[in-house]
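For reference, the structure is listed below as structure tokens.
The values are calculated or read from the model by the stated rules, or taken from the named source; none is laboratory data. Because the structure is a prediction, the values reported are computed rather than measured. Don't worry about glycine lacking a Cβ; one is built from the backbone with ideal geometry, like all the others, and counts go over all protein chains shown.
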Amino acid sequence: MFYTLYKSTNLKNKKFYIGVHATDDPNFGTIEYIDKYCGSGDYIWRALRKYGRKIFDVEVIAYFDSEKNAYLAEAELVTEKWLEEHKGKVYNIVPGGKGGFGKISRPRDEETKQQISNTIRIRFEEGNWIPNNGMLGRHHKEESKRKSSLSNLGKKRSNETRERCRQSALKRFARARGDII
């Protein structure tokens with residue numbers, strides 16, 4: 001395994017992403033690649049979903065023997081100043097050298113968790129809670145309902161699964177009536 005400092009470029013809008021990637025693929029960053037990795041930031045993932053992998057060109061800037069050296073090189077290149085200078089032209093969100101995951105999944109202390117919980121509870125009680133649901137206010141087409149129904153026909157559910165579904169439905173109905181669970 002070796003580490004690369006790479007640049008993924010969106011060929012459509014010319015935005016790019018600079019990051020570190022560990023791989024065993026000696027062709028990573030060439031047209032004969034096996035490893036399809038392009039980046040792990042929120043913005044680049046959104047772009048990959050929107051445009052697809054084929055729109056991105058990955059080029060290796062440098063190779064490293066250790067993860068530490070790769071992240072040090074990324075930190076020298078992707079700085080706060082660099083991010084400011086390239087704002088709107090890059091998919092990078094935070095300075096390099098950290099792996100990016102500190103922003104995504106930082107641990108929360110108990111006080112912060114309690115504040116979040118209280119805020120959600122208050123908003124729900126006031127009727128201001130909007131769940132993260134893409135179907136909110138929408139309805140499935142009749143054809144989609146029919147396809148879903150047909151795909152479930154004949155499936156046998158265990159008693160445990162049936163009970164979990166029942167409990168979930170009871171909670172849903174209780175929330176719809178305004179009962180706080």
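Under 9 Å between Cβ atoms, at least 6 apart or on separate chains: pull out the pairs that start in the range 7-18 with a residue that is on the phi > 0 side of the Ramachandran plot and among the basic types (K, R) and end on any residue that is in a strand (DSSP E or B) and at pLDDT 95 or above.
none
Mind checking which residues of the range 30-59 are at pLDDT 85 or above, out of contact with any helix residue (DSSP H, G or I) (no Cβ under 9 Å at 6 or more places or on another chain) and surrounded by 15 or more Cβ atoms within 10 Å (Cβ to Cβ)?
The answer is Y37, I44, V58.
Residue-wise test of (1) modelled with pLDDT under 85; (2) assigned to a loop (DSSP other than H, G, I, E, B); (3) farther than 18 Å from F16 by Cα.
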{"residue": "K68", "(1), (2), (3)": "no, no, yes"}
{"residue": "L72", "(1), (2), (3)": "no, no, yes"}
{"residue": "L83", "(1), (2), (3)": "no, no, no"}
{"residue": "G88", "(1), (2), (3)": "no, yes, no"}
{"residue": "G97", "(1), (2), (3)": "yes, yes, no"}
{"residue": "G102", "(1), (2), (3)": "yes, no, yes"}
{"residue": "K113", "(1), (2), (3)": "yes, no, yes"}
{"residue": "S117", "(1), (2), (3)": "yes, no, yes"}
{"residue": "I120", "(1), (2), (3)": "yes, no, yes"}
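For the range 1-58, what are the residues that are more than 17 Å from V78 (Cα to Cα) and among the small types (G, A, S)?
A22, G29, A47, G52
Counting only residues that are part of a loop (DSSP other than H, G, I, E, B) and either closer than 16 Å to M1 by Cβ or among the basic types (K, R) (or both), which one in the range 46-66 is farthest from the chain's Cα centre (by Cα)? Break it down stepwise before answering.
First, the residues of the range 46-66 that are part of a loop (DSSP other than H, G, I, E, B): 52, 65-66.
Pick out the ones that are also either closer than 16 Å to M1 by Cβ or among the basic types (K, R) (or both) and you get 65-66.
Values: D65: 28, S66: 26 Å.
That would be D65.
Pairs please, first residue from the range 60-72 and in contact (Cβ under 8 Å) with a residue 24 or more places away in the chain, second anywhere and basic (K, R) and not in a strand (DSSP E or B), Cβ atoms under 8 Å, 6+ apart in sequence or on different chains.
These pairs meet every condition: Y71/K98.
Can you tell me how many residues in the range 34-45 are within 16 Å of K89 (Cβ to Cβ) and either assigned to a loop (DSSP other than H, G, I, E, B) or charged (D, E, K, R) (or both)?
2
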